[in-house]
């Protein structure tokens with residue numbers, strides 16, 4: 001069973017609800033701003049992987065209207081909403097597990113809470129692909145929910161629809177980054193937002209290639 005694709009189907013169905021719930025969330029804005037500040041000046045090319053309804057892309061473009069921004073998501077309705085939210089961005093239905101298929105290079109890659117829908121092996125492969133798509137000195141932003149791998153499994157949204165949540169350890173994420181040649185610039189933990197169905201601890205990492 002492809003847990004990631006199954007979760008994407010749920011997010012496609014519930015995309016409008018997700019947008020209404022999280023589009024105005026400002027909890028992570030300071031970290032997004034740090035990511036923006038680390039990008040090269042000029043028309044930097046940025047990938048928003050697992051972009052959802054465009055909430056992160058919208059913030060990035062407000063901070064840096066000069067960005068050449070591409071957002072990808074596996075849920076078609078999420079991509080539609082992202083296009084509406086960020087008219088100056090470019091968005092496509094694409095699986096972030098196949099990042100290399102884009103055959104593009106970026107000055108920055110941001111994946112805000114995409115890792116919870118990737119297994120440990122898929123997350124490691126994503127970080128490796130991100131490393132290969134970034135030139136030296138470029139920036140990667142990751143955020144995920146911390147927890148034990150054995151606690152990963154199906155959870156039900158408020159509508160009863162299933163989503164498969166993968167929990168990742170901080171050590172595993174940091175190890176994967178270091179093995180791919182990244183230097184950590186930021187490594188913070190913080191409580192999950194009040195809007196979350198389940199209380200967890202979030203990990204925010206900013207790293208440079």
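Below, the figures for the structure above:
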| quantity | calculated |
| --- | --- |
| Dimensionless Rg/Rh of the stretch 3-208 - Kirkwood Rh, Rg from C-alpha atoms | 0.92 |
| Between the stretch 7-47 and the stretch 147-209, the Cα center-to-center distance that results, in Å | 15 |
| Computed Kirkwood radius, in angstrom, where 1/r is averaged over Cα pairs of the stretch 117-209 | 14.1 |
| Relative contact order of the chain, pairs being alpha-carbon contacts under 8 Å that are 6 or more residues apart, as % | 19 |
| Most fluctuating residue given options 67, 88, 190, as computed from a GNM of the chain linking Cα atoms under 10 Å | 190 |
| Which of 170, 150, 80 has the fewest Cβ neighbours within 10 Å, and the rest in rising order | 150, 170, 80 |
| Neighbour-count order for 206, 165, fewest beta carbons within 10 angstrom listed first | 165, 206 |
| Top of 169, 199, 152 by mean-square fluctuation, Gaussian network on the chain, Cα under 10 Å | 199 |
| GNM flexibility winner over the chain from 180, 111, 96 (Cα, springs under 10 Å) | 180 |
| DSSP beta bridges in the chain [antiparallel fraction, %, rounded to 5] | 50 |
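Every number here is computed from the coordinates shown, using simple stated rules; none is lab data. Because the structure is a prediction, the values reported are computed rather than measured. Using ideal geometry, Cβ is built from the backbone for each residue, glycine included, and neighbour counts are taken over all protein chains shown.
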